[in-house]
Each structure stands twice: as C-alpha cells, then as structure tokens.
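Peer 1: There's a structure below that I have some questions on.
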Amino acid sequence: ALLVRSVVWQQLSATSGQQLWKRYQALPNSCTPQGVLALADDALKAIRMPQRKIGYLKDLAQLFVAPQGAVVPWADLDDEAIAEKIAAVRGLGRWNAEMFLIFHLQRPNVVPIDDAALQSGISANYFSGDPVSRSDVREVAQAWQPWSSVGAWLIWQTCKAMPMGLDTV
C-alpha cells in the first residue's frame, strides 16, 4: 500500500493527495496487486485518477505479481537490489524505493538523500538554516549509522514534515 500511496500522492498538495487517496482507498481491493490489476480504468477515472497514474499503478502491481503466483522475496534482497527493482518501475524512483525500505520493510539504515523535508530539517538542525547539498546530507547521516532511517524519521518529526502523510500510518 505504501508504494501505491506514493503514486497516488505524487505531485499533489497534501490536501489534494489526501482527498485522492481517500477516494482510491474506497475502491474494493485497491491496495493489493491483484486488486489493482482487476480495477477497471473507468473506475479509477471516476475518482479522478489521472490516466498516467493509472498506468503507473498497473505497472507497480505487476512488480508484485510474480510468475506462477510466487511471492517476491523482498526480505531476502539487500537495500540496493530493492531500490533498483522499484526505481525501474515507470512512475517510481529512488525516493519511492527509499520510503518502501524505511516504512514498509523497516530497514534501519536508509538515507533518502533527495527528500526535501529531510534536507530542510538537516539545514535547520545542523546548518542554521543554510541550504544543504546532497553531500551535506550524507555527511550528517553518516553519524547516524547504523540507524540512519531512525535519524531521518527524527528529523522529519522535528519539522513535522513526514513524507506523503506517513505520520498517519
């Protein structure tokens, strides 16, 4: 559901994302891979889901529907292998993969370098509000190892800026 949620919320304000997400969740079986694949495009259009996102959702569902009904062994894969698989899906990227690693698989040492809220929080908490680079974020997060995911979560909490409404998860 986390990756589905990230696709639904993409490029929307918090309010718009939340409204579309609520409409989406009201659809039957909308957060299972088989359910997404079974949803008619017309049902998704009826809740005002953009056509491009419909394609992204279907592509994402295919990632989780392995051949012969086998389950993808996410827990057996390392963080980088998972990130590559997810980022290869149309409409998803590295950030989506990192959110999946942190919030779904609960991997303890993931640093979402490109997350704007994390950058802003590190800027506020470590650099007196001055802009930070990706290398600045990496350097700060290095001190959090092997619990970088926890460090990112704490920074998000200080800014009250959890990604895509994940504070309600």
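Peer 1: How high is the relative contact order of the chain? Use alpha-carbon pairs under 8 Å, at least six apart in sequence, and give a whole percent.
Peer 2: Taking the mean separation of contacting Cα pairs over the length of the chain, I get 18 percent.
Peer 1: If I compute solvent accessible area with a 1.4 Å probe over the protein chains, what percent of it on the chain is carbon and sulfur?
Peer 2: Working: 4850 of 9210 Å².
Taking all protein chains in place, the chain shows 53 percent carbon and sulfur surface.
Peer 1: Let me cross-check residue 63: its accessible surface, 1.4 Å probe, with only protein heavy atoms counted, in Å² to the nearest 10?
Peer 2: In the full protein context, residue 63 sits at about 40 Å².
Peer 1: In the chain, once you exclude exposed trypsin sites (Lys or Arg not before Pro) (DSSP loop, at most 13 other Cβ within 10 angstrom), what's the longest stretch remaining?
Peer 2: 91-159
Peer 1: Quick one: accessible area per residue over the stretch 20-84, 1.4 Å probe, rounded to a whole number of Å²?
Peer 2: So the stretch 20-84 comes to 58 Å² accessible per residue, rounded to a whole number.
Peer 1: List the equivalent ellipsoid semi-axes of the chain in whole Å, largest first, each obtained as the square root of 5λ for an eigenvalue λ of the Cα gyration tensor.
Peer 2: Output for the chain: semi-axes of 30, 20, 12 Å.
Peer 1: List the aspartates and glutamates whose Cα sits under 16 Å from the Cα of residue 53, skipping any in the same chain fewer than 8 residues away.
Peer 2: 41, 42
Peer 1: Run the helix sum for the chain: -39,500 (n - 2.57) per DSSP H stretch of 4+ residues, divided by residue count, reported at 222 nm to the nearest 500 deg cm²/dmol. Spell out each step's value before the answer.
Peer 2: Details: 10 runs with 93 residues, N = 169.
-15500 deg cm²/dmol, from helical runs alone.
Peer 1: Round to the nearest 10 and give me the degree value, 0 to 90, for the angle of helix 148-159's Cα axis relative to the longest principal axis of the chain.
Peer 2: 90
The values are calculated or read from the model by the stated rules, or taken from the named source; none is laboratory data. Predicted model only: the values in this text are computed from it and were never measured. With ideal geometry, Cβ positions are generated from the backbone for all residues, glycine too; neighbour counts draw on all protein chains shown. Heads up: the accessible areas ignore ligands, DNA and RNA and are worked out on the full protein's heavy atoms, side chains in. Shrake-Rupley method; radii C 1.70, N 1.55, O 1.52, S 1.80 Å.
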